[in-house]
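The values are calculated or read from the model by the stated rules, or taken from the named source; none is laboratory data. Values in this document were obtained by computation on a predicted structure and should not be read as measured data. Positions of Cβ are backbone-derived with ideal geometry, glycine not excepted, and every protein chain shown enters the neighbour counts.
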Amino acid sequence: MLHQVPEIEPLEAILPDEPLLMMGAGPVPIPARVAAANGIVINHLGDTMARIIEQMKAMSRYVFQTESRHILGVAGPGSAAMEMAVINLVDPGTRVLTVNNGFFSSRLGEMARRAGGDVVEMDAGVASAADETAVAEAIRAHRPRVLTIVQGETSSTVFNHALPAICRAAAEADCLVVCDAVCTLSTMPLEMDDWGVDVVITGGQKGLSSIPGVSLIAFSDRAWQVIEGRERSLTHWCLDARLAHQFWYNKSYHYTAPVSGILALHEALRLVCQETLPRRFDRHLRCSRALQAGIEGLGLKLYIDGPSRLNSVVGIHLPEGLAQTDLMQHISQHHGVEISGAFGANIVRIGQMGEQCRSHHLFRTLHALGTSVRELGLKVDVPTGVAALELALSSHKPSFA
Ligand SMILES: Cc1ncc(COP(=O)(O)O)c(C=O)c1O
């Protein structure tokens, strides 16, 4: 007997009349060209795809700042790219040092444990960046083969600014560095070759302003040698970097690539190249700093202080008596703006990645935030916040020549 046809509402009945402004920790708004590319299906093999793949690799080399010939796309979320990095480099018994500042850095450690790695977790503190001296000491003490770290820990809004120094310490100990740049790539400098990062991972839906579910990963020659020298075959098919290389470099079949998502990512990368990295970094810096000034102008407090503060995702302490869930619900229902909460601390997070960094989005978001807090019965100074935002935007001095 056939099962009954379920009763289904059309999407229009589920989605809001007007799309919410996505100002949380990702996914972020996507440009029209990215959305249009995402609506196209082409053959996943053949000359057209080959030309697109060649361009994607060239653009990725620019965005990752690398000469690497081992850049791969991944059909999956940022976590799939994290998993590809880990399972291709961590064998049972491989010593791994995980620098942990929160949820995503700890996920890298958990993935390494599941791969059978001998994982040492270094608690770098959830409210401050990893200290380069402490990490160098941990490398000397534990002699890891692989070190995992996030450049920006989205969950705690911490920025690991000592990444270049940590890479130097790892290189001296012949240890590979796997860096999660899911929320930071193209929002701030990351120089894969010059800093000596061995694996850089990113997702589509954050700094690059593409769709979720198609990611990128770049391996250094040093990391690729380890992968090529691996004797055992991986239990995973889709995430086997050697098999993926066949598609990305030899035009041959691995699995049916997510063509529409790849086209969307192509357009997202093209827009980054068109803007250029120095201008894009400057846009992010200007907008994020101005948003932070505006939040402080409202009378709210930022979660992370000083150089450990991540600009790509900004954490905001909530005043006593205001729960993050109430604020998130109010701001989306009454102002059409989506922001994120956080696990653990009573903070909300506002993203400053890709298309989120536009001044018209900032004014709408800051006004919605301030008004929502006020409507929920707490005191904030909305005009002063908006004035601080405007002053910071207009007085910004570009950081590129
Ligand atoms: C720093 C960081 N790493 C990894 C991830 C995981 O990405 P995804 O959710 O696409 O698997 C995220 C997503 O929020 C992230 O912010």
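Do we have any residue at all in the range 143-155 that's among the polar types (S, T, N, Q), more than 13 Å from the ligand (Cβ to nearest atom) and in contact with a strand residue (DSSP E or B) (Cβ under 7 Å, 6 or more places away or on another chain)? Scanning the range 143-155, I find no residue that is among the polar types (S, T, N, Q), more than 13 Å from the ligand (Cβ to nearest atom) and in contact with a strand residue (DSSP E or B) (Cβ under 7 Å, 6 or more places away or on another chain), so the answer is no. Checked against (1) over 29 Å from Leu243 (Cβ atoms); (2) of a type outside the set (Gly, Ala, Ser); (3) within 16 Å of the ligand (Cβ to nearest atom), Met111 meets all criteria but (1). I'd like to check something: does the range 204-219 contain any residue that is away from the ligand (no atom under 16 Å from the Cβ), outside any strand (DSSP E or B) and either surrounded by fewer than 23 Cβ atoms within 10 Å (Cβ to Cβ) or at pLDDT 95 or above (or both)? No, that holds for no residue. With respect to being in the same structural domain as Met188 (by TED's automatic domain parsing) and under 15 Å from the mean Cα position of the chain (by Cα), Met82 fits the description.
Determine if the range 41-58 includes at least one residue that is surrounded by fewer than 10 Cβ atoms within 10 Å (Cβ to Cβ) and under 29 Å from His361 (Cα atoms). Taking every residue of the range 41-58 in turn, none turns out to be surrounded by fewer than 10 Cβ atoms within 10 Å (Cβ to Cβ) and under 29 Å from His361 (Cα atoms).
The strands (runs of 3 or more DSSP E) falling completely within the range 97-202 that include 2 or more residues that are more than 21 Å from the chain's Cα centre (by Cα) map to 118-123. Please verify whether the range 64-73 includes one or more residues that are surrounded by fewer than 19 Cβ atoms within 10 Å (Cβ to Cβ), of a type in the set (Phe, Trp, Tyr) and either touching an Asp or Glu at 6+ places or on another chain (Cβ under 8 Å) or outside any loop (DSSP other than H, G, I, E, B) (or both). Within the range 64-73, not a single residue is surrounded by fewer than 19 Cβ atoms within 10 Å (Cβ to Cβ), of a type in the set (Phe, Trp, Tyr) and either touching an Asp or Glu at 6+ places or on another chain (Cβ under 8 Å) or outside any loop (DSSP other than H, G, I, E, B) (or both).
The C-beta contact set for the range 73-93 (first residue polar (S, T, N, Q), second residue in a helix (DSSP H, G or I) and away from the ligand (no atom under 14 Å from the Cβ), distance under 9 angstrom, 6+ apart or interchain) comprises Asn88/Ala223; Asn88/Val226; Asn88/Ile227; Asn88/Ala241; Asn88/Arg242. Out of Gly116, Gly39, Gly46, one residue alone is more than 16 Å from the ligand (Cβ to nearest atom) and at pLDDT below 95. It is Gly46.
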